[in-house]
Amino acid sequence: MNAPFEGIGASVRRKEDLRFISGRGHYVDDMNRPGQLHAVIKRSDRPHAKINSIDTSAALAAPGVVAVYTSTDLAAIGGLPCGWQIHSKDGSPMAEPKHPVLAEGKVRHVGDPIAVVIAATKQQAKDAAELLHIELEDLPSAASILDAIASGAAQVHDNAPGNICYDWHIGDKAGMEAAFAQAHRVITLDLTNNRLVPNAMEPRAALGDYDSSTGDYTLYTTSQNPHVIRLLMGAFVLGLPEHKLRVVAPDVGGGFGSKIYHYAEEAIVTWAAGKLGRPVKWTADRSESFMSDAHGRDHVSTAKMAVDKDGKFLAMHVDTLCNMGAYLSTFAPAVPTYLYATLLAGTYTTPVIYAEVKAVFTNTVPVDAYRGAGRPEATFLIERLVDAVAYDLGMDRVAIRLKNFIPRDAFPYQTPVALQYDSGDYFATLDAALKHADWAGFPARRAAAAAKGKLRGIGISTYLEACGIAPSKVVGSLGARAGLYEVANIRVHPTGSVTVFTGTHSHGQGHETTLAQLVVEQLGIPIANVDVVHGDTAKIPFGMGTYGSRSLAVGGSAMVKAMDKIVLKGRKIAAHLLETDVDDIEFKDGKFTVAGTDRSKSFGEIALTAYVPHNYPIEELEPGLDETAFYDPKNFTFPGGCHVCEVEIDPATGIPTIVNFVAVDDVGRVVNPMIVEGQVQGGIAQGIGQALYESAIYDAQGQLLSGSFMDYTMPRADNLPNITVATENTMCTHNPLGSKGCGEVGAIGSPPAVIGAIVDALKDYGVRHMNMPASPEKIWSIIQSRPAMAAE
Amino acid sequence: MPQVTLTVNGKTASVEVEGRTLLVEVLRDKLGLTGTHVGCDTSQCGACVVHVDGKAVKSCTMLALQANGSSVTTIEGLAAADGTLHPMQEAFRENHALQCGFCTPGMVMSAIDIVTTHPQGLTEAEIRHLLEGNLCRCTGYHNIVKAVAAAWPVMHGKEAVAAE
């Protein structure tokens, strides 16, 4: 009988789906503890103001209210820590103003938490919060990057002069200047990367619990990395040792980066649970999410490329201003530096690169990593600049890419901005994408569209990104205050079933299936006999969680290492039972066999022997079959690929419709093709969202105008096309799986392809570049305001 | 406080509510049916969709008192008593139409309403248009559209695939 194929490469249907499709998921807000109270946060409705007074008396007297806390009550606890320290050009450390859990003396953005009201029901807490009397005295504000760096700008923090967090650089300035001086031409492009709200569908929530009999705290939270939260909150904010603090991130409804960070509400409910001796739950309303979840992107850049007369890239200069918001979120400083500027070579051989990045405080919500984190910003800049070079030189967009691609035989390839790419084949992904998209047939489609009065354009993006940020030693030298390894504990049970305890966290990625497939592949047992446990610090070893597409490349590699240990120990046990030498034992398809014979022991028999060691080499081998491995990668992984987008614009309305989207990505070894395809489609939906629809808009004072789903355009089913996804994979050379990561490629690769298509559709109107989002209004205005040039 | 009586997933329930209590609050907080989710506060996301007297309703936008005497079906009430999944649940699983699962209950309840109210068939464009009341941040909708199309012939007892 043939067992169904469930190992690496099988599109196994997801193990986790049954509970989700039947309403039995366990998200934080679904949990309730006996005696639970509800917290509601009173937030600033002003961008920048002095807190003159807070009168809590009416709120305290309201029905059901148990407590009201302000920063005065939290005097003994620390601010929210930042996990990455950047040093400026001059060697000085970044400005790192305190990020208080509740505002101290001043509020610095709309949504800044001022007070917490705790009551028997959420409605009572909400009603009482309305009774807080808070006197705020407005201060001048700095609502945008450009406002914040203007002379005489309002100061967000006293200890960050000029609102500068850091002024950082990377690369060879003198080399860049020399190359620019001799270049045939220097092509310049000014561009912005729009500010986004991540908007995972599950709003953030936190439930704190305290057991007075043991002094143990438990925090249930919507987190991508519960161990990181335990360390940050325990050690830096509340002063609780790890063994008295358990953090559980159960089913989490999407993250996209926004649930990496340690947020004030987590500390508040944990601290309050201890103070009141009762569980305390907080769940964000969506409008709170808009003004308290870390936002993403928000760059203003000037990019320059020096080229020779044939369009060969000689040197690149990038000058970027990036928005940190009002406080430093957990990993914010790393995003526009080591996850952005180090990517600026892209897929090209540009020999000299110099990048300057200035991070700026503003009176807006903190900005941190959002799906792609730095790499979408780098990719948009590079790919738009490459298109601008082609435009200015009158060259074909594909030809200029082919001319400058890193050759197939150049790997490992050292870029001028620190990274060394291990593998890739940009020619292969480009070829495949052009074929799938019928690039060659585009002129006919454009003509057909024109005949119908429509404007049609096609865009291309040949991107590269970096996942599984590592190694720990290197990131430590660059300012990380954490390690970036991963851990797996493989527990084989006496009858041969397996529980995997992983330090990674699944919030939609399907780890319970993908990681189980690794066990099927390596230990040869059916997937039904494997469970994957994640998200509970009381169960899993200390791991770093999930972000940066790291779970398979780093977490999966830790599993492979742990299973190598399982197999080696199993072979020793089998050698004993079969009375032969360990070197003679082969392990394949779940069987330990004496090589060249039919004498074998099943995986289950070996597991039982390990736990019932009656006939066992007890002198040399401990009982049990339970192994843990930590894996610290030697390098990042480097997924890449080619995205092609085709749009049609109705000139009467300016509305662009994506008529075709093709993504051909190189994600290394694929474990579950169905899941990879879904990850890429979802990433592209967010990339199209950024390119066409989404934008967090602040007014000149710092009021968030796009603060709800009524105002912030989330892509809906009828905004998106069917998406053709394919892979052309080269293997990662330095991890045991060869996997590179697929969670972010869609969001990274797609935006410049979409904008390239819009710009191409509008080329007769003299359009060279358009910033995101390419809204119908922008497109319509161009069509209205400029006469179309003669069609070719 | 006023009393509300509902038949939820075939069982009668009578609970005390405030005038302002929403149907979704009764389902989640009073009846423990946490499969129905709340993803926004502006009636935009559709995570809370349930069926009230057979019609898809955003339960965050209906007062509990308005539902008095109604029959409500939630995601927990879709599968048969023996655990056999509804064809739409099966189609979502088979077509990988969910990732984080948070929008899924509302999406499945809307999808059933869409298929039920279109016995004549559904094109892909129609499915996309009819799903516009439900937000998903994970899937890009591609596989949700496929799942709805796949469930149509099963729910209508036909062989042919509806969408092109």
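The values are calculated or read from the model by the stated rules, or taken from the named source; none is laboratory data. Note that the structure is predicted; figures quoted are calculated from it, not measured. Here Cβ is always computed from backbone atoms with ideal geometry, including for glycine, and neighbour counts include all displayed protein chains. Just so you know, the surface numbers come from the protein's heavy atoms only, side chains and all, with ligands and any DNA or RNA stripped out. Shrake-Rupley method; radii C 1.70, N 1.55, O 1.52, S 1.80 Å.
Annotations
- Residue in the range B:55-65 that is open to solvent by less than 20 Å² (accessible area, probe 1.4 Å) and closer than 24 Å to A:Ala685 by Cβ present: no
- Single residue of A:Glu694, A:Glu677, A:Glu620, A:Glu648 found to be outside the structural domain of A:Gly749 (by TED's automatic domain parsing) and charged (D, E, K, R): A:Glu620
- Number of the condition not met by B:Ala56 [criteria: (1) more than 10 Å from every other protein chain (Cβ to nearest Cβ); (2) over 29 Å from A:Asn199 (Cα atoms)]: (2)
- Any chance A:Thr514 is within 28 Å of the chain's Cα centre (by Cα) and crowded, with 24+ Cβ neighbours inside 10 Å: yes
- Of all residues making up the range A:745-769, the number that are open to solvent by 10 Å² or more (accessible area, probe 1.4 Å), out of contact with any strand residue (DSSP E or B) (no Cβ under 7 Å at 6 or more places or on another chain) and part of a loop (DSSP other than H, G, I, E, B): 2
- Boolean, A:Leu393 is open to solvent by 10 Å² or more (accessible area, probe 1.4 Å) and at negative phi: yes
- Any hit, the range A:251-267, residues being among the β-branched types (Val, Ile, Thr), within 19 Å of the chain's Cα centre (by Cα) and more than 14 Å from every other protein chain (Cβ to nearest Cβ): yes
- Of all residues in the range A:519-554 being assigned to a loop (DSSP other than H, G, I, E, B) and of a type in the set (Val, Ile, Thr), the one that is nearest to A:Ile8 (Cα to Cα): A:Ile525
Here's the yes/no breakdown for (1) free of Cβ contacts under 8 Å to residues at least 40 places away in the same chain; (2) surrounded by fewer than 18 Cβ atoms within 10 Å (Cβ to Cβ):
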| site | (1), (2) |
| --- | --- |
| A:Arg481 | no, yes |
| A:Pro494 | no, yes |
| A:Thr499 | yes, yes |
| A:Ala558 | no, no |
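- Residue in the range A:670-687 that is open to solvent by 20 Å² or more (accessible area, probe 1.4 Å), more than 11 Å from chain B (Cβ to nearest Cβ) and under 20 Å from B:Gly133 (Cα atoms) present: no
- Wholly within the range A:372-480, helices (runs of 4 or more DSSP H) carrying at least 3 residues that are at pLDDT 95 or above: A:375-393, A:397-404, A:426-436, A:442-451
- The residues on offer are A:Ser223, A:Ser292, A:Ser287, and the sole one that is open to solvent by 20 Å² or more (accessible area, probe 1.4 Å), farther than 22 Å from A:Leu692 by Cα and polar (S, T, N, Q) is A:Ser287.
- Search result, residues across the range A:688-732 that are within 12 Å of chain B (Cβ to nearest Cβ), open to solvent by less than 20 Å² (accessible area, probe 1.4 Å), aliphatic (A, V, I, L, M) and out of contact with any strand residue (DSSP E or B) (no Cβ under 8 Å at 6 or more places or on another chain): A:Met714, A:Ala717
- Positions within the range A:622-647 being open to solvent by 20 Å² or more (accessible area, probe 1.4 Å) and of a type outside the set (Phe, Trp, Tyr), in sequence order: A:Glu622, A:Pro623, A:Asp626, A:Glu627, A:Thr628, A:Asp632, A:Lys634, A:Asn635
- Those residues of the range B:115-134 which are within 16 Å of the chain's Cα centre (by Cα) and open to solvent by less than 10 Å² (accessible area, probe 1.4 Å), in sequence order: B:Val115, B:Ile127, B:Leu131, B:Asn134
- Any chance A:Arg446 is under 30 Å from A:Glu383 (Cβ atoms), buried (at least 21 other Cβ atoms within 10 Å of the Cβ) and not assigned by TED's automatic domain parsing to the domain that holds A:Glu627: yes
- Within the range B:41-53, being farther than 12 Å from B:Met109 by Cα, in contact (Cβ under 8 Å) with a residue 40 or more places away in the chain and either more than 8 Å from chain A (Cβ to nearest Cβ) or buried (at least 24 other Cβ atoms within 10 Å of the Cβ) (or both) holds for one residue alone: B:Cys45.
- Qualifying positions in the range A:93-115 - open to solvent by 20 Å² or more (accessible area, probe 1.4 Å) and outside any loop (DSSP other than H, G, I, E, B): A:Pro93, A:Lys106
Per-residue answers, yes or no, for (1) touching a Ser or Thr at 6+ places or on another chain (Cβ under 9 Å); (2) assigned by TED's automatic domain parsing to the domain that holds A:Phe313; (3) open to solvent by 70 Å² or more (accessible area, probe 1.4 Å):
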| residue | (1), (2), (3) |
| --- | --- |
| A:Ile134 | yes, no, no |
| A:Leu146 | no, no, yes |
| A:Asn159 | no, no, yes |
| A:His169 | yes, no, yes |
| A:Lys173 | no, no, yes |
| A:Ala178 | no, no, no |
| A:His184 | no, no, yes |
| A:Asn193 | yes, no, no |
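- When the residues of the range A:1-21 are filtered to those that are away from every other protein chain (no Cβ under 14 Å) and free of Cβ contacts under 8 Å to residues at least 60 places away in the same chain, the one that is most open to solvent (accessible area, probe 1.4 Å) is A:Met1.
- Tallying residues that are within 11 Å of chain A (Cβ to nearest Cβ), of a type in the set (A, V, I, L, M, F, W, C) and open to solvent by 10 Å² or more (accessible area, probe 1.4 Å) within the range B:71-90 yields 3.
- Subset of the range A:583-609 [farther than 28 Å from A:Phe5 by Cβ and not β-branched (Val, Ile, Thr)]: A:Asp583, A:Asp584
- The range B:16-31 - residue that is assigned to a helix (DSSP H, G or I) and open to solvent by 30 Å² or more (accessible area, probe 1.4 Å) and, of those, farthest from the other protein chains (Cβ to nearest Cβ): B:Lys30
- Only one entry of B:Thr12, B:Thr61, B:Thr34 meets the criterion of being without any contact (Cβ under 8 Å) to a residue 24 or more places away in the chain, outside the structural domain of B:Ala150 (by TED's automatic domain parsing) and not in a strand (DSSP E or B), and that entry is B:Thr34.
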